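Here's the structure we're looking at; comments come further down.
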Amino acid sequence: MRQSRARAEESRLDVERRLKYLGAARVSLDVLRLYWDGTNVRREPSRQHVAILAECFHKEGCHRLELYNHVPAKISQECLALALRDSKVSAHQLLNDVPELTFPDEYKLDYLHGLHRIEAAREFLSETDKWWTVDLYLSDLDTNLETCLIEEYSNEEKPTDGEVYRKIRQYKDNFIFRQRWQARLKGTRAKNMITLLRNEEWTEAFDSLLPIYGLWDGMRLTTLHKIMPMRCPELIMNYLEGIKKFYSDLVEGDEHAMEKIDPATVKAIELRAPRASTMDAKFLSSEIYGGKIFSAFSGPEREEIWRRLQMIEGLVPSLRTFFCDVVYLELLTNSVRRLTQVPKNKSLIEALRKRFTGVNQEDGLVRIQIAEDTFIRRGGSRTDQIEHGIRHLFAFAMREYPFIPREPEKENLVQKPRAHAVPAVLRCLADLASELGFESDEIKAMKKLGTDARQTYPQSRPILVTSGPGVALADRCGTPRVQSHEADRNLLFVDHLHDTRQDQGDGITSFFVRKSVYLAFFGRPSRMGNAE
């Protein structure tokens, strides 16, 4: 049924294409203008792609007459008649040759795709040879045919994962166009996209970010396979909702304004900490007031955006940072899952909540770990005991995950060297879970492993900022480097991670980064009573 529908639609579009096709002509680059329907964000050329194509033209020549290099354009019958008359060209020549067409000085011919070829040609071709081959179509094109012409891709540029996802969601009610875009994905990308689209919860979360056009260069379909098996939708949703809130708050929830936030802007602000780092603030201030980022906004609008940006706590998030940090979260969940089985159709968080029995707890009090063997108590409910207990377990994983790799799930594995969890660390994790009120068969078994050889760390207050540049941008997301992890290990307790202190310095520390990533997944906890 679907196949017959697809064939019928293809046949109809082919008939429409032949009816509206007028022929090919050589047209001056000065006349060409990328078509914009006034509704979507104007597409800007990627300087990298333009440079690559210009280099290809230099090495291999600029083959403008080859059919695959033509660009399609729309023209009215009246404008075409005038151009043919002024150029002394017949309609028959357009269909059987590639004549040169001339247009009035102020006239602009809207081409539908081929942006990077045209921009590279502007740079490469000499002033006396600046033309391109254009396939001309009548301007009253069928909407579906126009969409096909706009979205046809040559080898000049492969669509990003984010662009494919946006198009699939745009055409969710149009089977033919949706299938065309899904067909651009191969292998793991195609498989992961199908898995994502079948999960309404995940799809809804990603769809909430569709208005923020600039985010989507950060989409990574190849990392999606890590998200589903973690079984931590609550943490994933927290991060994605945080991204939406951040960009929404910058423009006071105006979705039209969100569409004006372009990829260059997102790339410039992601992972910056303008409230804490004076160096980040100085850089962003220069970029914003210079109009290099948020360039689609007016001067007063950029000034207001900058005011709001300076109030943001932690690191600026994006889809790229999300997919980097998911890799780190996977390591933490591998450790925490040692504590319990996770039933089918349940999340790890739900499974841990079920394992809370209140053992070793006091009514109305929540135990807060401030060092490996030291706890304080704060007033709180049973719900607070559960939620803070889960946070403690993940904080333990942040300290010890290198020693608690994922437990093999298959039996009779092929023998090969593999990392094993350190029994003493597993014993410490089980003891902590028990002290926080959790019980399970897995916890009981782990408490029998060796002796309690927990690490004792000197107590100190984390440093959030530093003189000099601090942590480089490349190290502000994903799995921490060994040196940074060792430096922060004795500080990764919930009391420090929940600290609301806001310091300011030249740069940020690695602990600032860990704290920001933790809060991106878990959010701020509910307020509790004073310590006892």
With axes computed from alpha carbons, what is the tilt in degrees of helix 319-336 against the longest principal axis of the chain, rounded to the nearest 10 within 0 to 90?
30 degrees
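Stretch Glu362-Thr128 to full length: gain in nm at 0.36 nm per residue minus the Cα-Cα span?
Numbers: separation 234, 0.36 × 234 = 84.24 nm, distance 8.56 nm.
Using 0.36 nm per residue and subtracting the Cα-Cα distance, I get 75.7 nm.
Hey, what's the per residue convex hull volume over the C-alpha atoms of the range 225-309, in cubic angstrom? Don't skip to the end; give the middle numbers.
Working: hull volume 9.9 nm³, N = 85.
It is 116 Å³ per residue.
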Karplus (6.51, -1.76, 1.60) ³J(HN,Hα), θ = phi - 60°, over the range 462-467, in Hz, Gly and Pro reported as x
x, 9, 8, 10, 8, 7
Partner lysines for Lys260 [C-alpha distance under 19 Å; skip if fewer than 8 residues away on the same chain]
Lys167, Lys244, Lys245, Lys292
For the chain, the Debye formula with one identical point scatterer on each Cα and no solvent gives log10 I(q)/I(0) at q = 0.07, 0.08, 0.09, 0.13 Å⁻¹ as -0.54, -0.67, -0.80, -1.30
What is the distance, in nm, between label points placed 7 Å from the Cα along the Cα-to-Cβ direction at Thr383 and at Leu67?
6.6 nm
Length added when fully stretched, Glu372-Glu234, from 0.36 nm per residue minus Cα-Cα:
47.0 nm
Residues with amide H under 5 Å from that of Tyr111, placed H, sequence gap 5 or more:
Arg33, Leu34, Tyr35
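Please list 437-443, 373-379 highest first by mean number of surrounding beta-carbon atoms within 10 Å per residue. Before the final figure, lay out the partial values.
Working: 437-443: 19.0, 373-379: 14.6.
The packing order, highest mean first, is 437-443, 373-379.
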Between Arg12 and Ser285, with labels modelled 7 Å along Cα→Cβ, what's the label distance in nm to one decimal, could you check?
5.8 nm
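On average, how much area does the Cα convex hull of the range 39-173 cover when viewed from any direction, in nm²?
Numbers: hull surface 39.5 nm².
Approximately 9.9 nm², given one-decimal rounding.
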Along the range 292-297, what does the Karplus equation 6.51 cos²θ - 1.76 cosθ + 1.60 (θ = phi - 60°) give for ³J(HN,Hα), rounded to whole Hz, x for Gly and Pro?
6, 10, 6, 5, 7, 9
Taking a ≥ b ≥ c as the square roots of the eigenvalues of the Cα gyration tensor, with a/c under 1.5 meaning rounded and otherwise prolate when a/b exceeds b/c and oblate if not, the range 90-165 is oblate
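How large, in percent, is the carbon and sulfur part of the accessible surface of the chain at a probe radius of 1.4 Å?
Numbers: 13110 of 26810 Å².
The C+S portion of the solvent-accessible surface of the chain is 49 percent.
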Return the unpartnered cysteines for the chain, using a Cβ-Cβ cut-off of under 4.7 Å.
Cys56, Cys62, Cys79, Cys148, Cys232, Cys428
Could you report the range 195-262's accessible area per residue, 1.4 Å probe, as an integer in Å²?
42 Å²
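Among the listed pairs Lys74/Lys158; Lys354/Lys447; Lys59/Lys186; Lys226/Lys354; Lys108/Lys130; Lys267/Lys346, which are separated by more than 26 Å between their Cα atoms? Write out the running numbers ahead of the final one.
Numbers: Lys74/Lys158 24 Å; Lys354/Lys447 19 Å; Lys59/Lys186 30 Å; Lys226/Lys354 24 Å; Lys108/Lys130 15 Å; Lys267/Lys346 36 Å.
The pairs that break the limit, which is 26 Å between Cα atoms, are Lys59/Lys186; Lys267/Lys346.
Using alpha carbon coordinates only, what is the Rg to Rh ratio of the range 241-289, with Rh defined as the Kirkwood radius? Spell out each step's value before the answer.
Numbers: Rg = 11.4 Å, Rh = 11.7 Å.
Using only Cα positions, Rg/Rh for the range 241-289 is 0.98.
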Could you give me the radius of gyration and the Dmax of the range 182-258, taking only the C-alpha atoms into account and expressing both in angstrom?
13.5, 40
Using the per-residue mean of other Cβ atoms lying within 10 Å as a proxy for protection, in what order, highest first, do the peptides 158-171, 466-479, 383-396 fall?
383-396, 158-171, 466-479
Which angle between 0 and 90 degrees, to the nearest 10, do you get for helix 382-400 versus the longest principal axis of the chain when only C-alpha atoms count?
80 degrees
Extension gain (nm, one decimal) between Arg198 and Ser90, 0.36 nm per residue minus Cα-Cα:
33.5 nm
Per the 1/(1 + (r/R0)^6) rule, R0 = 41 Å and r from the Cβ atoms of Arg527 and Arg33, FRET efficiency to 0.05 is 0.15
Two pseudo-spin positions, 7 Å from Cα along C-beta at Asp499 and at Cys79, lie apart in nanometres by 6.3 nm
Taking Rh as the Kirkwood radius, which is the inverse of the mean 1/r over Cα pairs, what is the Rg/Rh value for the range 240-376?
1.13
For a protection proxy built on the mean count of beta-carbon atoms within 10 angstrom, sort 225-233, 85-93 highest first, please.
225-233, 85-93
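The values are calculated or read from the model by the stated rules, or taken from the named source; none is laboratory data. What you see is a predicted model; the values in this text were computed from it and never measured. All Cβ positions, glycine included, derive from the backbone under ideal geometry; neighbour counts span all protein chains shown. Each accessible area value is taken on the protein alone, full model and side chains, heavy atoms only, with ligands, DNA and RNA left out. Shrake-Rupley method; radii C 1.70, N 1.55, O 1.52, S 1.80 Å.
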